[in-house]
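Here the structure is laid out as structure tokens; the discussion comes afterwards.
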Amino acid sequence: MKKINKICCIGAGYVGGPTMSVIAYKCPGIEVTVVDINEKRIDAWNDKNLDNLPVYEPGLKEIVAETRGKNLFFSTQIDKAIDEADMIFISVNTPTKTYGKGKGQAADLKYIELCARNIAKVAKTDKIVVEKSTLPVRTAQAIKNILDNTGNHVNFEILSNPEFLAEGTAINDLLYADRILIGGDDTPSGTEAKDALAAIYGHWLPDNKILKTNIWSSELSKLVANAFLAQRISSINSISALCEKTDANVQEVSKAIGLDSRIGPKFLNASVGFGGSCFQKDILNLVYIAKTYGLNEVSDYWEQVILINDYQKRRFANNIVSSLYNTVSGKKIVFYGWAFKKDTNDTRESAAIYVADALLDEQAEIVVYDPKVSEERIYADLDYLNTRTEEENRKLVTVVKEPVEATKEAHAIAVLTEWDEFKKYDWETIYKNMLKPAFVFDGRRILDKEKLDTLGFNYYRIGEGA
Ligand code: NAD
Ligand code: UDX
């Protein structure tokens, strides 16, 4: 079997950084170099102060402290790292296209293509190229065409090895993965490449967790896994709307159905809507692929998952407006949380952004507190929507570091992220701080309803009648 001594990973983001850190940690005999065109990001990965790493994940800084400078390196010298590596992971971003054919749905593969062309240009020895990014099914064919037609006549073996980690639990998910999926050709060289990659994961995971498939099944499985997970959230969120009308309680319904072992209890938490960089992008991609094959019913089916998610975010914002007597103009609304989920500083596609946008349309004054998200990021998220000018966003939105202080003279609090610390606040003081009636809209169902009701709040939570 081919022995891997050096790995290069192109893309030092939320996936490349943590994944390679864990590989380096578990495989001290392999030298791992993570490269990126973004110099600022690489500098942050190399920062002496581990609190400044560009990705916040519980357990990450400890692993980086252990490996960085020994067998884990972060660099902008992309060509050098490609040249020296036996195995190259491509872990660059694959966002939804914002232009041209497939705009708003298809994955934008320009960064993937740039990587493939660069590998083809630089490689002088045989390489195993691993798709770590989430890609549309059949992308490996395009990568292979580029590598085989513009390369220096070296042999490239292409594998698909999608990543299933979730943010906020990335290190745990990597160390104790449910499964590792490796797709590749069934030729002798393809099998050898799959075995070489399996051996890397074999340093810490048992054989039965490593699943080998053909390359197309592997590429497609990643999109399907995300679609199924998101579908569960949209399913329970659609039911949350019905619960609010019928006095059923969505949590009780989740529990009741989740106890059926065929359904299972996970991913049935009703919320203000799913966010994150993956679910929406990957489902849109699936929708687009189905459509390009003429499978319109399949495409419409999966699109509903997104439509319900949009509906849920809209519904939450509308409920705030109608509860506050049909106007939030000039009213102070405090947002607890901006990240798309707890324990991450990532805000991509966070429900908070869209709820804020809807309330700003109604001229609300929003004050945001999030324990991990920077002021710069919050304004950038709003500016990116292009709904109003940068000046207007800064005039209407304030970002604060004192969550309890922020509630002075506030009309309402909206809980957008399920950070644990929100549960521990002094809610009595918060009540005293606020204008009366004091409203709390809990988009995550994390607060103690009985306590808040007793304190005098008008407490509303997703999936339960008032
Ligand atoms: P990211 O945006 O955090 O990181 C991607 C990095 O790639 C960026 O730092 C960017 O500068 C770099 N890059 C882009 N083009 C480059 C090039 N030509 N050369 C060198 N560097 C380049 O993205 P991410 O969240 O890490 O996601 C990466 C891939 O993994 C995506 O396809 C995503 O769908 C998939 N994925 C993400 C998650 C997640 O939780 N974030 C989970 C599973 C899979
Ligand atoms: C997801 C997949 O879980 C992971 O396997 C894949 O590799 C990347 O995409 P991630 O987006 O990081 O991971 O987080 P996840 O825990 O899946 O949460 C996504 C969104 O769904 C968050 O906004 C979360 O708050 C929301 N969610 C999750 C719910 O609203 N209800 C739930 O029951 C679970």
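Note on D453 and E84: their simple-model spin labels are 6.4 nm apart, each label 7 Å out from Cα toward Cβ. Shown in residue order for segment 214-226 are the 3J(HN,Hα) couplings computed by the Karplus curve 6.51 cos²θ - 1.76 cosθ + 1.60 at θ = phi - 60°: 6, 5, 6, 4, 5, 4, 5, 4, 5, 5, 5, 4, 5 Hz (x for Gly and Pro). In a simple Cβ point-charge model (Lys, Arg +1; Asp, Glu -1; nothing else charged), the chain has a dipole of about 380 debye relative to its Cα centre.
Between the amide H of C9 and those of T33, V34, V35, F89, distances stay under 5 Å, these residues lying 5 or more places away or on another chain, with hydrogens modeled in the peptide plane. A Förster radius of 35 Å, combined with the Cβ-Cβ distance separating E62 from Y425, puts the computed FRET efficiency at roughly 0.80.
The ellipsoid equivalent to the alpha-carbon distribution of segment 408-457 has semi-axes of 16, 12, 10 angstrom, derived from the gyration tensor eigenvalues as √(5λ) and listed largest first.
Here the Karplus relation 6.51 cos²θ - 1.76 cosθ + 1.60, evaluated at θ = phi - 60°, turns the backbone of segment 444-452 into coupling constants of 10, 6, 9, 8, 7, 4, 4, 5, 5 Hz, with x for every Gly and Pro. The mean sequence distance of close C-alpha pairs (under 8 Å, at least 6 residues apart), as a share of the length of the chain, puts its relative contact order at 12 percent.
In a DSSP loop and with at most 14 other Cβ atoms within 10 Å, the trypsin sites (Lys or Arg not before Pro) in segment 209-279 are R262, K266. Spin-label model, L114 to A466: label points 7 Å out along the Cα-to-beta-carbon direction sit 5.1 nm apart. The gain in end-to-end length when the A142 to T246 segment is fully stretched comes to 32.3 nm, 0.36 nm per residue minus the alpha carbon separation. When each of the peptides 285-295, 310-320 is scored by the mean number of other C-beta atoms lying within 10 Å of its residues, the order from highest to lowest reads 310-320, 285-295. The radius of gyration of the Cα set in the chain, together with its Dmax, comes out at 23.6, 74 angstrom.
For the pair E376 and K70, the difference between a 0.36 nm per residue extended length and the Cα-Cα distance amounts to 106.8 nm. So how far, in whole Å, is the C-alpha centre of segment 369-425 from the one of segment 37-73? Measuring centre to centre over Cα atoms gives 27 Å. As a proxy for reagent exposure, ranking M1, M20 by other Cβ atoms within 10 Å from fewest up yields M1, M20.
If r is the Cβ-Cβ distance from E409 to V224 and R0 is 51 Å, what FRET efficiency results, to the nearest 0.05? So, using R0 = 51 Å, E works out to roughly 0.55. Among the listed pairs K40/K331; K110/K194; K281/K451, those with a Cα-Cα distance over 28 Å are K40/K331; K281/K451.
For segment 201-274, with the dipole built from +1 on Lys and Arg beta-carbon atoms and -1 on Asp and Glu ones, taken about the Cα centre, which of L229, H203, L242 lies farthest toward the positive end? Towards the positive end, the residue furthest out is H203. Take the Cα radius of gyration of segment 1-106 and divide it by 2.2 N^0.38 Å, N being the number of residues; the result is 1.15.
The equivalent ellipsoid of segment 307-461 has semi-axes of 22, 17, 15 Å, largest first, where each one is the square root of 5 times an eigenvalue of the Cα gyration tensor.
Amide H contacts for I462 (H built 1.01 Å from N in the peptide plane; partners 5 or more residues away or on another chain; cut-off under 5 Å): D442, R444, R445. When you count the other C-beta atoms within 10 angstrom of each residue and take the mean per peptide, 450-463, 45-58, 86-99 line up highest first as 86-99, 450-463, 45-58.
Using alpha carbons only, the radius of gyration of segment 57-155 set against its Kirkwood radius gives Rg/Rh = 1.03. Cross-link pairs exceeding 27 Å in C-alpha to C-alpha distance, out of K6/K212; K245/K424; K61/K408; K2/K121, comprise K245/K424; K61/K408. Taking amide H atoms as placed 1.01 Å from N in the peptide plane, the amide H of F335 lies under 5 Å from those of V367, V368, Y369, A414, each 5 or more residues away in sequence or on another chain. Return the FRET efficiency for the residue pair T327, N46: r is the Cβ-Cβ distance, R0 is 41 Å, and the value is rounded to the nearest 0.05. Efficiency, rounded to the nearest 0.05: 0.20.
Bear in mind that the values in this text are calculations on the coordinates, not laboratory data. Just so it is clear, the model here is predicted, and its values are computed rather than measured. Glycine also receives a Cβ, built like all others from the backbone with ideal geometry; neighbour counts cover every protein chain displayed.
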